[in-house]
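**Q** Just passing along the structure, written as structure tokens.
Here, each number is a calculation from the coordinates, and none is a lab measurement. Please read all numbers here as calculations on a predicted model, not as lab measurements.
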Amino acid sequence: MSQKHVDARLIGIVGKVHGIKGEVNVMLLTDYPDSIFKGTSVYLDKHCSEKIIIEKIVLRMKKGRASAIIKFEGIDSRESAEGMRRQELYRNPQDSPVPGSGEFWVDDLEGCIVCLDHGVVLGTVEKVEEIPSNQNLIVRLEDRDLKINGIISGCLYIPFIDDYIKSIDIGEKKIILKKIPEYI
């Protein structure tokens with residue numbers, strides 16, 4: 001029997017246990033933390049085969065980052081919750097909210113071609129990195145001989161902020177930059 005491929009979205013990572021009733025701290029990685037609530041199904045694997053249901057959730061915002069204390073159905077003790085530490089939580093895209101016009105999922109940026117305003121192709125977005133101040137596009141350079149300061153292992157780190165991004169076309173999988181970051 002073949003397994004159906006599901007393009008699951010990583011929405012959080014379980015951290016420390018909270019209390020003695022099976023609650024855990026979860027670092028949320030979703031752009032829509034309000035879409036996760038009591039009764040929401042999440043998955044413990046990328047293939048969305050191991051489902052677990054949220055019994056209780058308390059959302060928190062700290063320094064612009066969303067986190068939550070979550071109680072899952074069937075996880076009723078500190079010991080069973082301890083076994084979930086570092087567990088990645090996924091959402092089936094069929095259960096995800098649909099982005100509005102001009103919006104997109106951050107992971108939709110992966111695989112986008114990155115160009116300068118005048119058409120020169122720099123490379124492809126390999127990953128979107130979360131850092132405290134903002135997100136960075138990690139761009140795998142197409143031309144390794146390109147002379148740009150700040151290249152690390154064939155990649156250029158571009159802050160995902162208005163100063164650098166001119167336009168994004170998710171349908172065309174293309175990002176146009178205003179300029180390249182100036183590293184010293």
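**Q** For residue 16, give me every one of the aspartates and glutamates with a C-alpha distance below 16 angstrom, ignoring sequence neighbours fewer than eight places off in its own chain.
**A** Within the straight-line cut-off, residue 16 pairs with 76, 79, 82, 88.
**Q** On alpha carbon coordinates alone, what is the Rg over Rh value for the range 9-95, Rh being the Kirkwood radius?
**A** We get a ratio of 0.93 for the range 9-95.
**Q** While we're on this one: Straight-line reach from residue 166: which lysines fall under 18 Å, measuring Cα to Cα and dropping same-chain residues less than 8 apart?
**A** 174, 178, 179
**Q** Reachable lysines from residue 173, Cα under 19 Å, same-chain residues fewer than 8 places away excluded?
**A** Within the straight-line cut-off, residue 173 pairs with 127.
**Q** How large is the convex hull of the Cα atoms of the range 53-127 per residue, expressed in Å³ as a whole number?
**A** Cα-based convex hull of the range 53-127, divided per residue, equals 171 Å³.
**Q** Okay, next question. With the cut-off at 24 Å, report for the range 65-170 the share of all Cα pairs above it, as a whole percent.
**A** When all Cα pairs of the range 65-170 are counted, 43 percent exceed 24 Å.
**Q** Of the listed values [x] 19.2, 59; [y] 23.5, 84; [z] 43.0, 153, identify the label whose number matches Rg and Dmax of the Cα atoms in Å calculated from this model.
**A** The calculated read-out lines up with [x].
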